[in-house]
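Let me begin by presenting the structure, written as structure tokens, before commenting on it.
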């Protein structure tokens with residue numbers, strides 16, 4: 001059983017890459033704690049399955065928003081949608097990443113740019129989009145995860 005944290009109850013939480021893996025575990029944990037969780041992911045089947053799995057087991061059913069985080073306008077729109085639905089956001093967990101394994105010699109500029117877009121770039125722009133909502137709420141928390149691919 002997940003812990004209940006009174007300061008999370010009813011608060012708006014946004015998780016990027018929340019449809020599977022560590023992100024899905026984060027969505028489940030925040031939802032079990034009573035938070036109102038939105039999550040962004042490109043993986044539609046896994047994300048919809050997660051929402052179905054949690055239906056009837058948590059106080060607030062998570063909101064899945066399909067978004068390709070490489071598209072900054074789509075990311076900004078998804079943040080605004082979550083903030084509007086929840087009446088604000090207090091927590092952002094930048095979790096989305098792709099963990100490709102590769103040899104140093106095989107990295108080309110296009111591959112490098114794609115990995116930066118998936119593993120780093122959206123972190124900044126998600127924080128930028130969420131910051132006004134946190135200011136309006138009187139504060140918040142941003143947690144950034146990344147892939148080991150930076151190595």
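The values are calculated or read from the model by the stated rules, or taken from the named source; none is laboratory data. All of these numbers come straight from a predicted model, not from anything done at the bench. Heads up, the Cβs are rebuilt from the backbone with ideal geometry, glycines too, and the neighbour counts pull from every protein chain shown.
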Considering region 42-63, residues that are out of contact with any helix residue (DSSP H, G or I) (no Cβ under 7 Å at 6 or more places or on another chain) and either in contact (Cβ under 8 Å) with a residue 60 or more places away in the chain or part of a loop (DSSP other than H, G, I, E, B) (or both), and then whichever is surrounded by the fewest Cβ atoms within 10 Å (Cβ to Cβ), we arrive at 56
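Please determine whether any residue of region 106-124 is assigned to a loop (DSSP other than H, G, I, E, B), crowded, with 22+ Cβ neighbours inside 10 Å and under 11 Å from the mean Cα position of the chain (by Cα).
Initial filter on region 106-124 (assigned to a loop (DSSP other than H, G, I, E, B)): 107-108.
Checking which are crowded, with 22+ Cβ neighbours inside 10 Å leaves us with none.
For region 106-124, residues assigned to a loop (DSSP other than H, G, I, E, B), crowded, with 22+ Cβ neighbours inside 10 Å and under 11 Å from the mean Cα position of the chain (by Cα): absent.
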Going through region 73-95 in order, the residues found to be in contact (Cβ under 8 Å) with a residue 12 or more places away in the chain, within 14 Å of the chain's Cα centre (by Cα) and either part of a helix (DSSP H, G or I) or surrounded by fewer than 17 Cβ atoms within 10 Å (Cβ to Cβ) (or both) are 75, 76, 78, 79, 80, 81, 82, 83
With the first residue restricted to region 29-41 and required to be at positive phi, and the second required to be surrounded by fewer than 24 Cβ atoms within 10 Å (Cβ to Cβ) and outside any strand (DSSP E or B), Cβ contacts under 7 Å at 6 or more apart or on different chains are 34/4; 34/8; 34/9; 34/10; 34/59
Is there a residue being more than 17 Å from residue 41 (Cβ to Cβ), in a loop (DSSP other than H, G, I, E, B) and either touching a strand residue (DSSP E or B) at 6+ places or on another chain (Cβ under 9 Å) or free of Cβ contacts under 8 Å to residues at least 40 places away in the same chain (or both) anywhere in region 127-139? yes
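Name the one entry in 31, 38 that is part of a helix (DSSP H, G or I), modelled with pLDDT of 95 or more and either under 17 Å from residue 142 (Cα atoms) or in contact with a strand residue (DSSP E or B) (Cβ under 8 Å, 6 or more places away or on another chain) (or both).
Numbers: 38 fails: part of a helix (DSSP H, G or I).
That would be 31, the only listed residue that is part of a helix (DSSP H, G or I), modelled with pLDDT of 95 or more and either under 17 Å from residue 142 (Cα atoms) or in contact with a strand residue (DSSP E or B) (Cβ under 8 Å, 6 or more places away or on another chain) (or both).
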